[in-house]
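Structure record follows, encoded as structure tokens.
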Amino acid sequence: MNDSTFVAFPSELAVFGKHRSVRYFLREPLAPGHLDLIIEAGRRAPTDAQGHMYAFVRITDVALRDRLATLCADQQHIRDAAEFFIVCLDVHRLRRLVEHRGGEWGMRERISLLYGATDATMVAQNMVVAAEALGYGTCYIGAVQNNVDRIAEALALPPGVLPLYGLCIGVIDPAHYPPTVKPRIPRALCFFENRYPADFTPEQLDSAYAAMSVKRDWWESIGAYFAAGGAMERREPVMARAWRQQGLDPQPVEQPCTSTH
Ligand SMILES: Cc1cc2nc3c(=O)[nH]c(=O)nc-3n(C[C@H](O)[C@H](O)[C@H](O)COP(=O)(O)O)c2cc1C
């Protein structure tokens with residue numbers, strides 16, 4: 001397998017080779033019909049057991065968009081993008097469908113969280129690829145988790161619906177682009193054959209830092225997000241509150257676990 005960071009994609013796959021998150025948008029709408037195409041591309045994504053465990057809230061209200069941007073680490077590109085969605089996992093509608101036919105709801109919190117996040121992410125990424133193929137820029141907004149409890153309230157989300165991240169789609173500001181695409185960690189550290197490696201050697205870990213440290217040491221970012229005291233740790237109590245608030249906090253399992261095959 002080729003392990004180079006930058007692969008020359010053939011024209012059919014060019015959209016993947018050009019991907020980079022865009023944070024500078026012109027204040028212009030998408031071309032007529034394009035939003036529908038992007039949404040329909042999203043809706044063609046597979047969904048586990050046809051459960052459709054996702055909901056997208058399109059934010060068109062300017063004041064609400066501004067408030068959400070403030071709650072998401074005050075990121076200006078949320079205000080500037082032509083379109084901004086809050087991407088949610090959603091088992092509320094599925095529960096209504098089950099109960100509508102007289103069924104008793106059988107989805108627990110863990111499976112709701114995992115499968116809902118999976119379904120929603122497949123839709124979102126289809127939308128990203130479609131938007132980028134049409135020439136637009138996109139940016140996910142994980143900072144939704146900084147205030148996910150308040151965002152769920154602001155959008156009147158019922159129990160069983162939980163925001164995962166935001167998604168900006170907009171017209172790229174050419175004054176800031178074309179930017180370079182960012183590197184990826186070596187393939188050998190994330191694609192394995194038949195089994196997971198026993199451990200990562202110091203040389204392999206150094207190779208990841210070497211590949212990723214283009215403009216600055218990647219550790220600055222890794223440490224700020226993932227080390228103790230970083231952004232991810234600070235999100236934890238907010239997320240715990242939001243999971244409780246949205247009825248998705250995993251409860252202890254009463255029965256001994258029997259694996260299902
Ligand atoms: C789930 C998720 C959350 C993200 N959150 C943010 C964010 O809040 N703000 C931002 O500017 N970029 C955000 N990003 C974009 C990442 O920073 C970006 O994808 C990463 O640095 C790789 O760069 P690239 O997409 O340009 O290749 C997010 C990406 C993902 C997948």
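Annotations
- Part-to-part distance (alpha-carbon centres) for the range 150-197 and the range 38-72, which is given in Å: 13
- Ordering Ala55, Gly142, Val7 by Cα displacement along the dipole of the chain toward the positive end leaves Ala55 in first place; charges were set at the Cβ atoms of Lys, Arg (+1) and Asp, Glu (-1).
- The range 1-71: chymotrypsin sites (Phe, Trp or Tyr not before Pro) in DSSP loop, at most 12 other beta carbons within 10 Å: Phe6
- Normalised convex hull volume, the range 1-85, alpha-carbon set, Å³ per residue: 186
- Rounded to the nearest whole angstrom, the semi-axes of the ellipsoid equivalent to the range 151-261, taken from the Cα gyration tensor as √(5λ), stand at 33, 27, 16, largest first.
- Placing unit charges on each Cβ (+1 for Lys and Arg, -1 for Asp and Glu) gives the range 145-231 a dipole about its Cα centre, and among Val181, Val161, Phe226 the Cα reaching farthest toward its positive end belongs to Val181.
- Estimated vicinal HN-Hα couplings, Hz - the range 84-92 in sequence order (Karplus 6.51, -1.76, 1.60; Gly, Pro = x): 9, 10, 9, 8, 10, 7, 9, 10, 5
- Rg of the Cα atoms in the range 173-226, relative to 2.2 N^0.38 Å, amounts to 1.46.
- Range of Cα positions in the range 20-181 per principal axis (Å), largest first: 56, 31, 28
- Relative to the Cα centre, the charge distribution of the chain, modelled as +1 at Lys and Arg Cβ and -1 at Asp and Glu Cβ, gives a dipole magnitude of about 300 debye.
- Net charge of Cβ neighbours under 14 Å - reference Arg95; Lys, Arg +1; Asp, Glu -1: 0
All of the numbers you see were taken from the coordinates with simple rules; none came from a lab. Bear in mind that the values here come from a model prediction, so they are computed numbers and not experimental data. Cβ: placed from backbone, ideal geometry, glycine included. Neighbour counts: every protein chain shown.
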